[in-house]
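The values are calculated or read from the model by the stated rules, or taken from the named source; none is laboratory data. Worth saying up front: this structure is predicted, and the values here are computed from it rather than measured. Don't worry about glycine lacking a Cβ; one is built from the backbone with ideal geometry, like all the others, and counts go over all protein chains shown. Ligands, DNA and RNA are excluded from the accessible area calculation, which covers all protein heavy atoms including side chains. Shrake-Rupley method; radii C 1.70, N 1.55, O 1.52, S 1.80 Å.
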Amino acid sequence: MLKPNYIFEVSWEVCNKVGGIYTVLSTRAKTMQELFHDKVIFIGPDFGTDRVNPLFIEDSSIFTQWTKKANTDDRLNIRIGRWNIPGNPIAILVDFSQFYAEKDNLYGWLWDNFQVDSLHAYGDYDEASMFSYAAAKTVESWYKYNIANKKRKSNVIYHAHEWMTCLGSLYIQKTIPEIATIFTTHATSIGRSIAGNNKPLYDYLWAYNGEQMARELNMESKHSIEKQTAFYTDCFTTVSDITSRECRQLLETPVDVVLTNGFEDSFVPSDAKSFQKARQDARNKMLQVANTLMGTNLKSKNTVIICTGGRYEFKNKGIDLLIDSLNRLRQDDSLNKEVLVFINVPAWAKGPRIELRKRLENMQDLDFPCSDPRITHDLHNADQDMILNQMNWLDMHNRLEDKIKVIFVPCYLDGKDGIFNLHYYDLLIGNDLNIYPSYYEPWGYTPLESIAFHVPCITTDLTGFGLWVQSLGQEETGVRIIHRTDSNFVDAAEQIKQTILDFTQMSPTEVETLRNASAQTAEKALWKHFITNYLTAYDIALTNRDKRLNQY
């Protein structure tokens, strides 16, 4: 197999924690460093040197001479250092603001060379394209300074993630054909749009035409650049079998290899004593906040704590389905335990509720609830919030007699939210069961994170992760897979309700068996097992690069 000497990975989420791609890259970095020590270089956006970024540690001793040349002779504005994550890989942050003046010429060049339609661009298309171009110019400058004049052949990979980096990938392939290109779509832009606009994606996937749907949904430019990059790249990849089918139909190009997403378990406490302490601390904090908010006296031993989390995609993440299933369980007389559910989904939050924060600061043990016992932070748009509106419609108000109590946490759990003041993982470890009933989920990191912390979970067979678990074929995985289609909402809600009810009736021994099975399943998803797919992708990209070069 052909192996790379250098790998450049370009993503909007390098040193920029905004979504699931951040998890893909940041958890894989340690394994990549072990294989290609300081030969893998991540490139992300720079939003200004005056903005403190704790994820980036600047280091002027790396590529010192080239950096000076890039920032002077090559009209670039870059900072170089290390990504503050396990593995501490080299990272380059690029300022792209100076390239807006060239936007129209760049879009014309895209059309002339790759027939990419940028005429219908709007929103974040320009911002992403300018970043992508700046990243490509950075690699071009680095390659010419460090590689081009050397007689010895060097295998360099340019790995672009998502449509936001497509322009740069096409630029590299056209202007520096010696560099092999890989494009990974983590979710096709048009597939996500179809699902997000309440159109049935799965029942009619075979009949959808990507370009027709792009025109209908005003996604023409994003779809165009993604489709053309998938076609022209040396190696086209995605993250799951379910998205592979989506790519073949909507982008009309089959993927070369599936790069299954893995996980790095350095986030999980390694010894039993510290693990148990972290779990108990998390439970104590969640129960403290819940009891203070609702005026209740829930105890750890008698309460089943459940969580869901992720981006605020009401339908795609299955938040609507979860709330409906909880309402069904609330009305089931056979439920004989208290169930406390946290919906950890960042929304348009103003900040922590003053009423709740004062209660927590004063350690008040009150037997009456806050004015709204369902939410921890104030919202700018509470009247329009879909989670609160569905709970209002179903008359879910966390009354004292309700055995199901649901708390909406509409903020990032970054350790400084003003209520919990703990990071997401620090709370995740304390849950008994987690639920991620997604409708559209190319992979699904939240359920994988859940089982990595030994917490059993529920997900669906419309997620890449769920299908991967099904493929294991083992008797017990710690993961319950709910069957979802475009038209079985009620049945899926009943399945989730029954699964939760069954869990509440399990003995401690049965629960412990599930927890152990969860951890064993998570071990199978470590990057050390999945990294071989990347080695295959590198070989494919370099082989196809050689074929291109031989044609010249």
Identify the residue in region 397-426 that is open to solvent by 10 Å² or more (accessible area, probe 1.4 Å) and among the aliphatic types (A, V, I, L, M) and, among all such residues, is nearest to Arg283 (Cα to Cα).
Leu422
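Taking the condition modelled with pLDDT of 95 or more, open to solvent by 50 Å² or more (accessible area, probe 1.4 Å) and either touching a Leu at 6+ places or on another chain (Cβ under 7 Å) or closer than 30 Å to Lys528 by Cα (or both), does Lys39 pass? Please lay out each step first, then the result.
Values: modelled with pLDDT of 95 or more: yes; open to solvent by 50 Å² or more (accessible area, probe 1.4 Å): yes; either touching a Leu at 6+ places or on another chain (Cβ under 7 Å) or closer than 30 Å to Lys528 by Cα (or both): yes.
In short, yes.
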Is it the case, given these coordinates, that Asn53 is assigned to a loop (DSSP other than H, G, I, E, B), open to solvent by less than 70 Å² (accessible area, probe 1.4 Å), of a type outside the set (Val, Ile, Thr) and out of contact with any Pro (no Cβ under 7 Å at 6 or more places or on another chain)?
yes
Taking Pro177 and the conditions (1) open to solvent by less than 10 Å² (accessible area, probe 1.4 Å); (2) in a loop (DSSP other than H, G, I, E, B), which numbered condition does it fall short on, given that it satisfies the others?
(1)
Evaluation of Leu2 against (1) in a helix (DSSP H, G or I); (2) surrounded by fewer than 20 Cβ atoms within 10 Å (Cβ to Cβ); (3) touching an Asp or Glu at 6+ places or on another chain (Cβ under 8 Å) (one fails), failing number:
(1)
Selected residue (only one of Ala207, Ala214 is aliphatic (A, V, I, L, M) and free of Cβ contacts under 8 Å to residues at least 12 places away in the same chain)
Ala207
If a residue has to be open to solvent by less than 10 Å² (accessible area, probe 1.4 Å), touching a Phe, Trp or Tyr at 6+ places or on another chain (Cβ under 9 Å) and not in a loop (DSSP other than H, G, I, E, B) to count, how many in region 200-237 make the cut?
9
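Can you pull out the residues in region 263-296 that are assigned to a loop (DSSP other than H, G, I, E, B), out of contact with any strand residue (DSSP E or B) (no Cβ under 8 Å at 6 or more places or on another chain) and in contact (Cβ under 8 Å) with a residue 60 or more places away in the chain? Talk me through it step by step, then tell me what you get.
Here is the first cut: in region 263-296, the residues assigned to a loop (DSSP other than H, G, I, E, B) are 264, 268-271, 295-296.
Next, from what is left, pick out any that are out of contact with any strand residue (DSSP E or B) (no Cβ under 8 Å at 6 or more places or on another chain): 268-271, 295.
Answer for region 263-296, where residues must be assigned to a loop (DSSP other than H, G, I, E, B), out of contact with any strand residue (DSSP E or B) (no Cβ under 8 Å at 6 or more places or on another chain) and in contact (Cβ under 8 Å) with a residue 60 or more places away in the chain: Val268, Pro269, Gly295.
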Mind counting the residues in region 108-151 that are more than 17 Å from Met164 (Cβ to Cβ) and among the aromatic types (Phe, Trp, Tyr)?
5
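When the residues of region 463-487 are narrowed to those that are part of a loop (DSSP other than H, G, I, E, B) and open to solvent by less than 50 Å² (accessible area, probe 1.4 Å), which ends up farthest from His529 (Cα to Cα)? Don't jump to the end; show me each part of the working.
So the first thing to find is which residues in region 463-487 are part of a loop (DSSP other than H, G, I, E, B), and the list is 473-478, 483-487.
Next, only the ones that are open to solvent by less than 50 Å² (accessible area, probe 1.4 Å) stay: 477-478, 484-486.
On the way: Thr477: 17, Gly478: 19, Arg484: 28, Thr485: 31, Asp486: 33 Å.
Per the stated criteria, the residue is Asp486.
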Failed condition for Ile157, given (1) under 21 Å from Asp256 (Cβ atoms); (2) open to solvent by 20 Å² or more (accessible area, probe 1.4 Å); (3) touching a strand residue (DSSP E or B) at 6+ places or on another chain (Cβ under 7 Å), with all others met?
(2)
